[in-house]
Amino acid sequence: MPYMRESKARNIYLEIIDLLDDRKLLPHEFVEVMMTAYESQKNLPDRSVHGRFFEYVVGETLAQNGVERMYYQAEVRHVPLSTFDWFLFHETHPVSISCKTKARDRWKQAAHEAMALKHVYVQATNYLVTIERVSASEDKKRLAPFTIDHFVVANKPEYTEAVINITRKRYEQAVDQSPIRNGDLVSPVCID
């Protein structure tokens, strides 16, 4: 997995997935198995490792279900101050996936990033994937009505449904392009 940088999370992830007998699980079952195995580790590392591990698990479920051309920790042109855990590029309908192990107040960061993305890609779809039930999710949906499109709990069947919906679209490799589509470049002329 080339997106995994050398880290504690990567080492733990590779250790656990090597022990996994059945990788043909539904996405929410895979998340449950992987996160349970992670949480059963002795001397659990700090929260940043926990979050990174969860991001890897979410990425694995997408890859296992045929999603290609995923961007990990993506910064998107014209979308300031935002780094998306997972980003699937489509010219008009990109998908961002923000992974949060705890959804309490961390969902606000995902809502901010989703809002910035929708300013550039109005038809973008933004997912907040968490491992614990989002408390008062209806209130959160009301507070972020046009930013986070789907609040999803990763170890519940709703996550498998979300992955199925995500895989219905064909994603592309993003091409680095000039923001100028058409026009003549006018440069100052030097007069001797």
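The values are calculated or read from the model by the stated rules, or taken from the named source; none is laboratory data. Owing to the predicted nature of the structure, the values given are computational and were not obtained by experimental measurement. Counting neighbours? That spans all protein chains shown, and the Cβs are built from the backbone with ideal geometry, glycine included.
So in region 109-136, with the set limited to residues that are of a type in the set (D, E, K, R) and closer than 28 Å to Thr36 by Cβ, which one is modelled with the lowest pLDDT? Steps first, please.
Let us first name the residues in region 109-136 that are of a type in the set (D, E, K, R), namely 113, 118, 132-133.
Now narrow it down to the ones that are closer than 28 Å to Thr36 by Cβ: 132-133.
Working: Glu132: 77, Arg133: 68.
By that ranking, first place goes to Arg133.
Suppose we filter Val76, Val120 for residues that are β-branched (Val, Ile, Thr), in contact (Cβ under 8 Å) with a residue 24 or more places away in the chain and out of contact with any Phe, Trp or Tyr (no Cβ under 9 Å at 6 or more places or on another chain); which single one remains? It would help to see each step written out before you state the result.
Numbers: Val76 fails: out of contact with any Phe, Trp or Tyr (no Cβ under 9 Å at 6 or more places or on another chain).
Only one candidate qualifies: Val120.
List pairs: first residue in region 154-167 and within 16 Å of Glu55 (Cα to Cα), second residue surrounded by fewer than 16 Cβ atoms within 10 Å (Cβ to Cβ) anywhere in the structure, Cβ distance under 6 angstrom, at least six positions apart or on different chains.
Matching pairs, first to second residue: Val163/Asn65.
Hey, among Asp105, Asp139, which residue is more than 16 Å from the chain's Cα centre (by Cα), in a helix (DSSP H, G or I) and at pLDDT below 85? Steps first, please.
Working: Asp105 fails: in a helix (DSSP H, G or I).
Residue meeting the stated conditions: Asp139.
Would you point out which residue out of Glu55, Glu68 is part of a helix (DSSP H, G or I) and either among the hydroxyl-bearing types (Ser, Thr, Tyr) or on the phi < 0 side of the Ramachandran plot (or both)? Talk me through it step by step, then tell me what you get.
Details: Glu68 fails: part of a helix (DSSP H, G or I).
Matching residue, one of Glu55, Glu68: Glu55.
So Leu20 passes all but one of these: (1) of a type in the set (A, V, I, L, M); (2) over 21 Å from Ser98 (Cβ atoms); (3) at pLDDT 85 or above. Which condition number does it fail?
(3)
If you go through region 5-38, how many residues are polar (S, T, N, Q) and either surrounded by 12 or more Cβ atoms within 10 Å (Cβ to Cβ) or farther than 13 Å from Phe54 by Cβ (or both)?
Counting residues in region 5-38 that are polar (S, T, N, Q) and either surrounded by 12 or more Cβ atoms within 10 Å (Cβ to Cβ) or farther than 13 Å from Phe54 by Cβ (or both) gives 2.
In region 46-67, what residues are closer than 13 Å to Arg10 by Cα and either buried (at least 18 other Cβ atoms within 10 Å of the Cβ) or of a type outside the set (S, T, N, Q) (or both)? Don't jump to the end; show me each part of the working.
Start the filter on region 46-67 by keeping residues that are closer than 13 Å to Arg10 by Cα, which leaves 48-57, 59-60.
Hits for region 46-67 are Val49, His50, Gly51, Arg52, Phe53, Phe54, Glu55, Tyr56, Val57, Gly59, Glu60.
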